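Read-outs throughout are calculated quantities, based only on the coordinates presented, and are distinct from any laboratory measurement. Keep in mind that this is a model prediction, so the values were computed, not measured. Virtual Cβ from ideal backbone geometry, glycine too; neighbours counted across all protein chains shown.
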Amino acid sequence: MDEKKVLIIGLGGLGSPVAMYLAAAGVGHLVLADFDRVDLSNLQRQIVHDTTQIGQYKTISAQTKLQALNPDIEISFIKDMISEDFLIEDDIDVVVDCSDNFATRFIINAACVHAGTPLVSGAALRWGGQVAVFSSSPQSPCYRCLYSDNEDEGEACSDAGILAPLVGVIGSIQAVEVIKVLCGIGNPLSGRLLLFDALSMQWRTLKLHKDPTCPICSN
Amino acid sequence: MITVKFFASLREQVGKGEIQLDVAEPLSVAQVWAQACDNAPLPSHILMAVNMEYSDQNRLVDAGDEVAFFPPVTGG
């Protein structure tokens, strides 16, 4: 894993455990993407940041923690806004989607499909979360096969609320799936969507299908 | 009977986790939602599953099937 390169988009609730576990596990190069700064209200769940880092860019704040955790890994940043083609000339091995809105998720998905880069997608809100792996191969479904692309942005954690350790649960599973994909071992959640309801402590796995009319991954 | 299940915040919105629908003929998943939820509009970006497989709202289901609805989740 020390020669692998993983892009983490979003250094919030999900990105915190993802980044910390991948750094601790020794993924050689982590690329971080987030344009927000650390706010006191983030610290309830975004555990890669702390009170001494309020006001810093989340990428810088996370780098400090991750580099202290593992000084032997390389950490870099994405400075430009991501687009549907931004991965094509890059050598990213896996993209981890820890973002917080549909618009960004659709762009990340399209970029991964266009570049053929595996995508480990996670999301969480209130008491529930979900994880899926999209392999970005021609036969497999993509994130866009699940959701229609209308104007609904979805609800944000800051508005709807979120159980603090829920992002730890979902982010940790994302980190597990990244390591499996990087190492080519086990059965990743490819073609499956894992759903978690913390309030009732129920897990469900749905089988996914490729949408033959998907505007992103179908021909 | 069609078993209809609501997960996470949908369970709170609908006020129950599971109901049984008595059906005389096959229904689409959208019709199942309408009958189970007093004709409330189907929320955007809702995830639907029939017998643990992802489904769109047009799929037909019949007695013995399980239809599950999951709220959209985008936070991170």
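For the residues of A:122-129, the average number of beta carbons from a partner chain within 10 Å of their own beta carbon is 5.
Taking the Cα centre of segment A:5-207 as origin and assigning +1 to Lys and Arg Cβ atoms and -1 to Asp and Glu Cβ atoms, the resulting dipole is close to 700 debye. Within 10 Å of the Cβ of each residue in B:44-51, the mean number of Cβ atoms contributed by other protein chains is 4. In whole Å, what is the distance between the alpha-carbon centres of segment B:42-76 and segment A:119-170? The two parts, judged by their Cα centres, are 15 Å apart. With the highest mean first, a sort of the peptides B:58-65, A:75-82, A:127-134 on other beta-carbon atoms found within 10 angstrom per residue produces A:127-134, B:58-65, A:75-82. Shielding value for B:9-19 is 2, the average number of Cβ atoms from other chains within 10 Å of each residue's Cβ. May I ask you to derive the relative contact order of chain A, considering only C-alpha pairs under 8 Å and at least 6 residues apart, and to give it as an integer percent? Relative contact order, chain A: 21 percent.
Please name whichever of A:G116, A:S76, A:P141 sits farthest to the positive end of the charge dipole of chain A, dipole taken about the Cα centre and charges placed at Cβ: Lys and Arg +1, Asp and Glu -1. Among A:G116, A:S76, A:P141, the one farthest towards the positive end of the dipole of chain A is A:P141. Legend: Rg and Dmax of the protein assembly as shown, from Cα coordinates, 19.4, 66 Å. Taking the alpha carbon gyration tensor of segment A:50-178, multiplying each eigenvalue by 5 and rooting it gives semi-axes of 24, 21, 15 Å, largest first. Each peptide among A:48-61, A:27-40, A:6-19 gets the average number of other Cβ atoms lying within 10 Å of its residues, and from highest to lowest they stand as A:6-19, A:27-40, A:48-61. Label-to-label distance, A:E89 versus A:S148, with points set 7 angstrom from Cα along the beta-carbon direction: 3.8 nm.
With contacts taken as Cα pairs under 8 Å at a separation of at least 6 residues, chain B carries a relative contact order of 41 percent. Among the listed pairs A:K65/A:K207; A:K58/B:K5; A:K5/B:K5; A:K58/B:K16; A:K210/B:K5; A:K207/B:K16, give every one whose C-alpha distance is greater than 30 Å. Where the Cα-Cα span goes over 30 Å, the pairs concerned are A:K65/A:K207; A:K58/B:K5; A:K5/B:K5; A:K58/B:K16. From the square roots a ≥ b ≥ c of the eigenvalues of the alpha-carbon gyration tensor of segment A:3-106, which class results: rounded (a/c under 1.5), prolate (a/b over b/c), or oblate? Note, shape of segment A:3-106 comes out oblate. A simple charge model with +1 on the Cβ of Lys and Arg, -1 on the Cβ of Asp and Glu and nothing else charged puts the dipole of segment B:2-70 at about 220 debye relative to its Cα centre.
Per-peptide packing, taken as the mean over residues of other Cβ atoms within 10 Å, places A:201-209, B:5-13 in the sequence B:5-13, A:201-209 from highest down.
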